[in-house]
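The values are calculated or read from the model by the stated rules, or taken from the named source; none is laboratory data. These numbers come from a predicted model, not from an experiment. Reconstructed Cβ throughout: ideal geometry from the backbone, glycine too, with neighbour counts over all protein chains shown. These accessible areas exclude ligands, DNA and RNA; they are computed on the full protein's heavy atoms, side chains included. Shrake-Rupley method; radii C 1.70, N 1.55, O 1.52, S 1.80 Å.
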Amino acid sequence: WIDKCCVAQQHPIMVPTIARLDAFVRRCEGMVVLFTWDFFTRLWCVYEWGLFLVLHDAEHVQLCVDFFLHDRTQPRYVDAIRNFKLAGAKCFYASDMDLVTERVNAMYYSIDGFESFVKVAAITLVAVAIAKRAGLSHEPESADNELGVWADLASELGFSQLAEVLRRARPALWASQTLADDSSSSRHRSGSLPQQLGGTTGRTWRARLSTRVDAWYRRELKPLYMSVRQRVVRQTFQQEKSPTPDDSAADSAEWALPSQTAKMNDVDAVSFQKASAFYLQRVASGSLNGAS
């Protein structure tokens, strides 16, 4: 799922796409987010984020943040995540807030829980992105310092274990060790050290660092992230899984209208179906047009 791009803005197909948004996101293998500091001010972007993370693991989200997150913009990102409230998100139609709120309540035990999960996921994924770009700066320790800022935010928001993990992380060291291993391998093959990190050598080094950071995520971050998910996401939805790419027999409507499944309790089913029916009614009446 490519944020924004997968919904045709200012096009008639936009409305039926949003009406079946849940089914589309369910069948995606990953999510790509153009992650600017105002991301969490956009209602439908926030909903897509929360929906995807109910159905998929956070490691399948790719944050495109490198060109936006730096010393001057970092305070904006921190403030945006610190102050995120679903009620403060913006949308083209005021009535969309009621729809999204009802859908969120169908998947999460509470709005507060949803907001906490959004913040934990954001801090976790930003930390992974920062660690993966370690070593690209003239000051390798800058990645460690950046993680310190996010550790402080996690602590401020009450995520003490997450803060501790981020403070222990040493992405600059990981980068230097990965480069040393790669350089040693290159010298063994060619008899000399690589002169620069460009070309194949650079790509190989970056790939190995990314693998190391992914292992760190799975070992230390994922258990914390999943523990929050288990607390705030309704049990019924925790059991939902994205179908495999070759699962062509699966009907997308099966998840879009979960009341048809035996796993969903009556309260959740009525709430979720009511929200879906509300939007589909607006589609049928032609009361929706324009941008989401």
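A compact table of results
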{"read-out": "Local electrostatic count at residue 222 - Lys and Arg +1, Asp and Glu -1, tallied over other residues with Cβ under 12 Å", "value": "-1"}
{"read-out": "Size of electric dipole in segment 105-167: Cβ of Lys, Arg +1 and of Asp, Glu -1, about Cα centre, debye, nearest 20", "value": "240"}
{"read-out": "Amide H partners (placed H, <5 Å) of residue 62, local residues excluded", "value": "31, 32, 33"}
{"read-out": "Dipole in debye (nearest 20) - segment 18-79, about Cα centre, beta carbon charges: Lys, Arg +1; Asp, Glu -1", "value": "240"}
{"read-out": "Directionally averaged projected area (convex hull, Cα atoms, segment 27-93), nm²", "value": "5.3"}
{"read-out": "Surface per residue (accessible, 1.4 Å probe) for segment 24-150, Å²", "value": "41"}
{"read-out": "Residues with amide H under 5 Å from that of residue 90, placed H, sequence gap 5 or more", "value": "42, 43"}
{"read-out": "Nonlocal amide H pairs with residue 108, under 5 Å, H built at 1.01 Å", "value": "234"}
{"read-out": "Of every Cα-Cα pair in segment 58-177, the percent that sits beyond 18 Å", "value": "58"}
{"read-out": "Equivalent ellipsoid, segment 14-129 (semi-axes from 5 times Cα gyration tensor eigenvalues, Å)", "value": "22, 17, 14"}
